[in-house]
1. What percent of all Cα-Cα pairs in the range 4-81 falls into each 5 Å bin, going from 0 up to the bin containing the maximum distance?
2. First select every other residue whose beta carbon is under 12 angstrom from the beta carbon of Leu26; then total the charges, Lys and Arg +1, Asp and Glu -1.
3. Looking only at the chain, where both bridge partners belong to it, what percent of the DSSP beta bridges are antiparallel (to the nearest 5)?
4. Suppose only helical runs count, i.e. DSSP H with n ≥ 4. What mean residue ellipticity at 222 nm does that imply for the chain under -39500 (n - 2.57) per run, divided by all residues and rounded to the nearest 500 deg cm²/dmol?
5. Say we join alpha carbon atoms closer than 10 Å with springs in a Gaussian network model of the chain; which of Met168, Met181, Met91 then has the biggest fluctuation?
6. Over the range 94-193, what relative contact order in percent results from Cα pairs under 8 Å that are six or more residues apart?
7. Top mean-square fluctuation among Ile164, Ile57, Ile120, Gaussian network model of the chain, C-alpha springs under 10 Å?
8. Just to confirm my numbers, what's the Cα centroid distance between the range 166-186 and the range 11-38 in Å?
Amino acid sequence: MQSLKERIVRDGVVKAGNVLKVDSFLNHQMDIDLFNEMGKEWKKRFAGKQINKILTIESSGIGIACIAAQHFGVPVVFAKKSKSINLEGDMYTAEVESFTHKNKNQVIVSKKFLNEEDHILIIDDFLANGCALQGLIQIVNAAGATVEGIGIAVEKGFQAGGRIIRNMGYSLESLAIVEKMDWETGEILFREQ
Ligand code: 5GP
C-alpha cells in the first residue's frame, strides 16, 4: 500500500536490533485516516472471504483492528496479555514471546468469544518472527474456529515470520513489506508487491 510505505519512509525511525519505530502514526499516536485506508485495503484483499470476527493482540493491534472492523462490519476480539499462571478453564491460552520486550506472556481469550462457527481475520501491526501470529493461530485452532486470513500492517521481510506463516498455508496480506533497513543510514527498502 503506497501511502503506508511513504509514511514509513517519512516518519518511521530505524532502531538498532531490527526495530522500526512508527509510534508517531501507527502504535502510539494513531493516524485514523491511514488506519481507515488500511481497513479498506484489507477488505479489498480479502473480498470473497466469509469473515465474521477479527482477532488481534493487545495492545498495538487493537486500534488498527477496530478501524478495519468497520469495513467488515464485524466485532473485534483481542487476546489479552496475562502474567497469571492460574488461568481459569474458560480461557484459550497461548504463550507468546515479545519481539520488542523480549519477555514471554501468556495471551488469553475467553471461550465465550470464540467458537467453531467463527471465521476469523487476524490483524496485527507488525510481523517479525511470527510468534504473536502463531499464538493467535493456536488460540483459533483450540476454539475449532477457522483462520480465513491474516492482515499485517508492516512485515519485516528479512525476518522469518512471513515465510513461516505463508508456508503454513495461510493467506497473509501485509500492506508494506520491509526488505531491508539500516539503522545507521536510516535507509528503508520495500519488497515489490
Ligand atoms: P513477532 O511475534 O512476529 O516476532 O513480532 C510481532 C510483534 O512484535 C508485533 O505485535 C509488534 O507489536 C512487535 N514488533 C515486532 N517488530 C517490531 C518493530 O520493528 N517495531 C515495532 N514497533 N513493533 C514490533
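1. All Cα pairs considered, the percentages come to 3, 15, 21, 23, 19, 12, 6, 1, 0.
2. That sum, taken over residues with Cβ under 12 Å, equals -3.
3. 45
4. Numbers: 5 runs with 56 residues, N = 193.
So the helix-based figure for the chain works out to -9000 deg cm²/dmol.
5. Top of the fluctuation ranking is Met168.
6. Values: 180 pairs, mean separation 22.8, N = 100.
Dividing the mean separation by the residue count of the range 94-193 yields 23 percent.
7. Looking only at Ile164, Ile57, Ile120, the biggest GNM fluctuation is shown by Ile164.
8. Taking the Cα centre of the range 11-38 as reference, the centre of the range 166-186 is 14 Å away.
Here, each number is a calculation from the coordinates, and none is a lab measurement. Remember, it's a predicted structure, so these values are computed and weren't measured experimentally. Quick reminder, even Gly has a Cβ in these numbers, built from the backbone with ideal geometry, and neighbours come from all protein chains shown.
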